[in-house]
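As structure tokens, the structure follows; a few thoughts come after it.
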Amino acid sequence: MSATTAAVLELLLLVAALAVSTPLLGRYLAHVYTSPRHLKVERAAYRIMRVDPDADQHWRSYAMSVLGFSMVGLLIVYAVARLQLHLPQSLGFAGFGPAGAWNTAVSFVSNTNWQWYSGEAAAGYLLQATGLTVQNFVSAAVGMAVAAALARGLARSRNGGRLGNFWTDLVRGTVRVLLPIAFVTALVFVAGGMIENWNAFHTVTTLGGGHQTITGGPVASQESIKLLGTNGGGFYNANSAHPFENPNAFINLVQVYLILLVPFAMAWAFGLIVKDKRQGGAIVATMAVLATAAVSFMTWAEMSGAGTATRLAGAAMEGKETRFGEAASAMFGSATTLTSTGAVNSMHESFTAPGGGIAMFNMMLGEVAPGGVGSGLYGMLMLAIVTVFLCGLMVGRTPEYLGKKIGQHEIVLVALYILTTPTLVLLGAAVAVTASSGLAGLSVGGPHGLSEALYAVTSAANNNGSAFAGITSGTTFWNTLLGLLMLLGRFLPIVFVLALAGRFATARHQPAGAGTLPTHRPLFVALLTGVALVVVGLTYVPALALGPIAESLS
């Protein structure tokens with residue numbers, strides 16, 4: 001079987017699995033976020049937190065709950081990282097420095113999982129399991145809760161801006177969705193050869209007579225939620241390229257499936273929450289079109305062998321695992337940058353110049369195809385509102401989406417959302433390449449050096465977490481800069497989303513008329529796809545031209 005045939009079959013198997021699970025999980029998610037019943041374990045959690053799960057929060061209260069909960073989590077992870085040496089299961093590792101602990105805490109609380117350190121050489125089991133893995137669960141649940149709140153805002157009418165209860169959404173997303181799936185997946189991973197233990201280091205004698213230290217650890221349990229929650233931070237520095245984290249081709253395919261599972265299902269659930277399945281189908285279709293294009297182009301870029309050295313070698317295999325090959329590496333790389341995952345099974349800096357550029361472009365799309373758990377859905381809905389607004393202007397009608405008019409206040413909030421991440425990326429890149437401390441972290445100069453810096457700030461501001469590994473980011477400058485980008489890139493958009501949801505929940509529902517733009521048909525899917533590409537093109541092409549495009553042409 002040729003490599004091309006194997007790649008096509010693997011992609012078809014992934015598509016078939018997602019086609020089956022998306023409507024099933026989507027229906028379950030819609031039930032989770034609309035059911036009035038509480039499980040016993042959930043009621044116990046509410047009593048511990050001393051919250052009323054049936055209180056219908058105003059959007060401002062909902063937003064303050066999101067921010068307050070996340071800031072408490074940030075402080076806890078920061079404290080555990082700083083005090084690591086004095087805590088159990090530290091494995092003798094020193095505590096992180098102030099800048100490093102800040103970066104790590106922000107990274108995991110914001111669902112980014114950028115890692116400036118080597119996990120197996122710096123993070124003890126307590127930090128890995130109780131600090132980082134816990135945030136993998138709850139940061140994902142926060143994103144899902146915000147998406148559910150926006151869906152409710154569109155579904156409700158004239159209720160004073162109330163969006164539901166954040167604490168209920170948080171607990172349900174964790175208890176009913178993430179924990180059960182992650183538990184089952186961890187068992188699959190262990191059966192497939194992934195490790196799961198609390199053993200200390202083992203020193204073994206190699207065939208050459210030398211000695212090698214082999215680490216253990218609770219890997220499978222962290223790996224399952226790392227992928228399911230589109231988090232991405234690995235137990236090992238090599239991430240999913242390490243055989244303990246990703247032992248074979250079957251587990252690799254399962255990991256890609258996990259990355260895409262919840263984001264696609266959230267879009268399907270959206271249609272059910274707003275009581276129009278066609279709307280969810282249109283969002284899923286748009287995500288699928290963009291994702292298919294990204295996977296196809298990246299696979300072509302990596303398998304076409306662009307460049308003299310690659311042609312002479314016969315394959316672009318530098319930085320890739322031979323047990324996966326080019327196609328599986330490209331598929332994983334596309335999935336992880338189209339979402340907010342950031343996990344890698346190959347080194348993105350070793351991709352061909354076009355392949356690395358596509359990875360960057362995927363993140364610059366806003367990670368909406370299908371995006372992170374929750375964040376992908378509300379990001380795509382923001383683009384849908386922009387699409388409706390532009391179409392309304394062209395025909396001279398007040399635009400509306402799902403019966404809600406898009407007026408001045410609404411479009412201002414959408415514009416603030418759309419402009420936040422590009423502003424952070426471009427300002428962050430400007431600071432990085434003009435400051436001596438930023439330039440010192442780049443492995444090379446020229447277009448590729450710019451690509452390293454641009455990739456890092458794009459990854460941070462979009463809460464992705466992957467990197468061109470040549471960059472030295474474990475410095476005070478880079479830890480501080482990227483930490484700020486991750487924090488603002490996560491929570492500013494969330495506030496704008498919730499404010500918009502509150503306005504929709506307050507507005508009166510308008511019945512569809514003869515001039516209403518249908519937002520469930522293939523024409524709208526094409527328009528939405530075009531708007532997503534144009535927004536990215538107008539914003540980032542000049543920067544891409546100086547980095548990966550210039551490198552491709554050199």
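The values are calculated or read from the model by the stated rules, or taken from the named source; none is laboratory data. Keep in mind it's a predicted model, so treat the numbers as computed, not measured. Cβ atoms come from the backbone with ideal geometry, glycine included; neighbour counts cover every protein chain shown. All accessible areas refer to the heavy atoms of the entire protein, side chains included, with ligands and DNA or RNA removed. Shrake-Rupley method; radii C 1.70, N 1.55, O 1.52, S 1.80 Å.
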**Request:** Report, ordered by the first and then the second residue, all pairs with beta carbons closer than 8 Å, sequence separation of six or more or different chains, a first member in segment 232-244 that is touching a residue at least 60 places away in the same chain (Cβ under 8 Å) and at positive phi, and a second member that is part of a helix (DSSP H, G or I) and of a type in the set (Ser, Thr, Tyr).
**Result:** Gly232/Thr336
**Request:** Please list, ordered by first then second residue, the pairs with beta carbon atoms under 7 Å, 6 or more apart or interchain, first in segment 85-101 and without any contact (Cβ under 8 Å) to a residue 40 or more places away in the chain, second in a loop (DSSP other than H, G, I, E, B).
**Result:** Leu85/Phe93; Leu85/Ala94; Leu85/Gly95; Ser90/Gly124; Phe93/Ala123; Phe93/Gly124; Gly95/Leu83
**Filter result (in a helix (DSSP H, G or I) and either basic (Lys, Arg) or open to solvent by 40 Å² or more (accessible area, probe 1.4 Å) (or both)) within segment 18-41** = Ala19, Val20, Leu24, Arg27, Tyr28, His31, Lys40, Val41
**Complete:** Within segment 414-445, residues loosely packed, with under 14 Cβ neighbours inside 10 Å, over 14 Å from Phe468 (Cβ atoms) and of a type in the set (Val, Ile, Thr) come out as Thr434
**Asked** For Tyr236, which of the numbered conditions (1) in contact with a helix residue (DSSP H, G or I) (Cβ under 8 Å, 6 or more places away or on another chain); (2) part of a helix (DSSP H, G or I); (3) farther than 27 Å from Ser552 by Cα fails to hold?
**Response** (2)
**Prompt:** in a helix (DSSP H, G or I), more than 30 Å from Ile251 (Cα to Cα), open to solvent by 10 Å² or more (accessible area, probe 1.4 Å) and touching a residue at least 60 places away in the same chain (Cβ under 8 Å): does that describe Leu381?
**Reply:** no
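Residue by residue, here is whether (1) within 18 Å of Gly374 (Cα to Cα); (2) open to solvent by 40 Å² or more (accessible area, probe 1.4 Å) holds:
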position	(1), (2)
Pro447	no, yes
Leu450	no, yes
Ala453	no, no
Ala456	no, no
Ser459	yes, no
Thr472	no, yes
Leu481	no, no
Arg490	yes, no
Pro493	yes, no
**Asked** Restricting attention to segment 112-120, does a residue exist that is polar (S, T, N, Q), closer than 16 Å to Gln222 by Cα and open to solvent by 10 Å² or more (accessible area, probe 1.4 Å)?
**Response** yes
**Item:** Thr104 vs. criteria open to solvent by 10 Å² or more (accessible area, probe 1.4 Å), part of a helix (DSSP H, G or I) and either out of contact with any strand residue (DSSP E or B) (no Cβ under 7 Å at 6 or more places or on another chain) or not polar (S, T, N, Q) (or both)
**Value:** no
**Message:** For segment 239-273: of the residues being touching a helix residue (DSSP H, G or I) at 6+ places or on another chain (Cβ under 8 Å) and outside any helix (DSSP H, G or I), which is surrounded by the most Cβ atoms within 10 Å (Cβ to Cβ)?
**Reply:** Asn246
**Message:** Checking Asn463 against (1) at positive phi; (2) in contact with a strand residue (DSSP E or B) (Cβ under 9 Å, 6 or more places away or on another chain); (3) not aromatic (Phe, Trp, Tyr): exactly one of these is not met. Which one?
**Reply:** (2)
**Request:** Consider Ala44 carefully, then state whether it is in a helix (DSSP H, G or I) and open to solvent by 20 Å² or more (accessible area, probe 1.4 Å).
**Result:** yes
**Message:** Just to be sure I understand the filter: pairs with C-beta atoms under 8 Å, separated by 6 or more residues or on different chains, first member in segment 6-25 and more than 20 Å from Ala293 (Cα to Cα), second member open to solvent by 30 Å² or more (accessible area, probe 1.4 Å). Which pairs pass?
**Reply:** Pro23/Trp268; Leu25/Trp268
**Prompt:** Which one of Thr539, Thr516 is outside any helix (DSSP H, G or I), in contact (Cβ under 8 Å) with a residue 60 or more places away in the chain and open to solvent by 20 Å² or more (accessible area, probe 1.4 Å)?
**Reply:** Thr516
**Request:** With the condition kept exactly as written, say whether any residue in segment 461-472 is assigned to a helix (DSSP H, G or I) and more than 16 Å from Leu544 (Cβ to Cβ).
**Result:** no
